[in-house]
Amino acid sequence: MREFKIAEPRTVDELAALLAETQETTALMAGGTDLIDELKSGVATAGLVVDLQKVAGLNGIAAEKDGLRIGAMTRVVELAEDAAVARNYPSLKQAALSLATPQLRNVGTVGGNLCQRPRCWYYRDPQVVCRKKGGHNCFAFQGRNKYHGIFGGSGCFIVFPSDLAPALISLGAKATVGSSKGDKTVPLEQFYALPDINVSRENILEKGQFLKDVRVPAPKAGQKASYVKLKERGTWDFALVSAAVAGVVKDGVFSEIAVVMGGVAPIPWRLKKAEVVLRGKLVTDALVRQAAGAALQDASPLRENGFKADLVYAALKEAVLSLAA
Ligand SMILES: Cc1cc2nc3c(=O)[nH]c(=O)nc-3n(C[C@H](O)[C@H](O)[C@H](O)COP(=O)(O)OP(=O)(O)OC[C@H]3O[C@@H](n4cnc5c(N)ncnc54)[C@H](O)[C@@H]3O)c2cc1C
């Protein structure tokens with residue numbers, strides 16, 4: 001592991017000023033469960049690691065008049081155990097509990113989960129210089145690609161591994177991005193960026209910026225939501241495909257619906273074509289199949305991951321039928 005300096009700012013202003021002023025290559029560290037692995041293997045390098053643990057005001061879940069504020073340093077276990085989350089956003093609780101292991105949920109944070117790096121085995125191999133690390137090739141494209149994306153690849157076929165991101169996006173969450181220039185709020189959906197915008201990162205954060213919190217709007221009357229995660233193993237695992245569905249449903253008909261999938265694309269993937277099919281009609285298995293078919297028109301499976309198309313239908317069916325019942 002290469003040497004690095006460590007900084008421990010105490011306030012958001014101190015953090016913002018430090019990030020704006022430093023000339024060092026910087027890495028933010030929340031729980032460190034992903035970052036430390038990357039630094040140890042040499043996949044990530046940093047002259048300065050900025051530890052967020054002591055920054056006041058980045059932590060905790062707070063009810064606000066128009067919803068819930070979840071600080072970036074809130075630990076995943078706190079989210080999973082929060083009474084307001086369980087009551088108003090059950091899919092978020094499902095996603096939090098589906099994630100990693102109790103030990104990792106105890107240390108890992110919401111911000112770290114939303115900003116974690118991909119698990120692609122070529123990207124994680126320090127010997128491989130893929131497009132994400134400044135190289136010219138995506139080795140997954142012609143190589144081993146069972147766990148890679150079927151949507152939105154364009155030259156880099158990672159999948160974004162977070163369970164929280166699809167659930168939060170389906171609930172209409174917004175992200176607050178902090179910096180020395182002040183805060184900026186963006187829909188969480190727009191916090192993520194495809195490889196053709198910036199192949200080296202998965203989000204829009206620029207030098208000096210950090211994720212401060214996410215805000216989830218208060219649930220609408222009749223809102224229901226579900227998170228379904230399909231994995232290869234019965235124990236902890238990343239999603240092969242996951243489906244977060246949220247909407248307003250009555251008598252088996254969605255008047256509003258948002259469908260966001262994990263494990264299928266370099267960013268959490270919104271299935272807008274499926275939403276159009278599902279909105280305003282009585283939900284049946286045939287309708288869900290039609291919705292999955294419409295969404296899959298945009299899919300380009302690789303040599304080893306065509307099975308993910310079937311899982312898109314399966315995850316969508318389980319989530320949608322459970323809410324419409
Ligand atoms: C064995 C294992 C299994 C896992 N399984 C799952 C799973 O099933 N589902 C899932 O979703 N995740 C899974 N994970 C990922 C795990 O959830 C993440 O490691 C964890 O959430 C990251 O949180 P952290 O606080 O430790 O982040 P860190 O490791 O500290 O940071 C992760 C990344 O986010 C950046 N970052 C952190 N906070 C901020 C911020 N506020 N603003 C900007 N950038 C920031 C860091 O610079 C770093 O690049 C797994 C991880 C492991 C090791």
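The values are calculated or read from the model by the stated rules, or taken from the named source; none is laboratory data. Here the structure is a predicted model, which means the values were calculated and not measured. Positions of Cβ are backbone-derived with ideal geometry, glycine not excepted, and every protein chain shown enters the neighbour counts. Heavy atoms of the whole protein, side chains included, go into the accessibility calculation; ligands, DNA and RNA do not. Shrake-Rupley method; radii C 1.70, N 1.55, O 1.52, S 1.80 Å.
Key figures
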quantity	calculated
Inter-residue pairs, beta-carbon under 8 Å, first farther than 16 Å from residue 179 by Cα and in the stretch 1-26, second in a helix (DSSP H, G or I), 6+ apart	1/39; 1/40; 2/39; 4/39; 7/18
Where a residue in the stretch 94-123 is over 26 Å from residue 323 (Cβ atoms) and open to solvent by 20 Å² or more (accessible area, probe 1.4 Å) and its partner, wherever it lies, is of a type in the set (Val, Ile, Thr) and near the ligand (Cβ under 8 Å from one of its atoms), with Cβ under 8 Å and at least six apart	104/33; 104/76; 106/76; 107/33; 112/33
The listed residue being among the small types (Gly, Ala, Ser), in contact (Cβ under 8 Å) with a residue 60 or more places away in the chain and surrounded by 24 or more Cβ atoms within 10 Å (Cβ to Cβ), out of 274, 258, 246	246
Residue under evaluation residue 145, criteria (1) open to solvent by less than 40 Å² (accessible area, probe 1.4 Å); (2) under 21 Å from residue 175 (Cα atoms); (3) away from the ligand (no atom under 16 Å from the Cβ), criterion not met	(2)
Single match in 56, 63 (criterion: part of a loop (DSSP other than H, G, I, E, B), open to solvent by 40 Å² or more (accessible area, probe 1.4 Å) and touching a residue at least 12 places away in the same chain (Cβ under 8 Å))	56
Options 175, 167; residue that is within 11 Å of the ligand (Cβ to nearest atom), crowded, with 24+ Cβ neighbours inside 10 Å, within 15 Å of the chain's Cα centre (by Cα) and more than 30 Å from residue 13 (Cβ to Cβ)	167
Residues of the stretch 92-136 that turn out to be among the aliphatic types (A, V, I, L, M), part of a loop (DSSP other than H, G, I, E, B) and touching a helix residue (DSSP H, G or I) at 6+ places or on another chain (Cβ under 9 Å), as a count	3
Test: residue in the stretch 5-15 that is within 27 Å of residue 322 (Cβ to Cβ) and open to solvent by less than 70 Å² (accessible area, probe 1.4 Å)	no
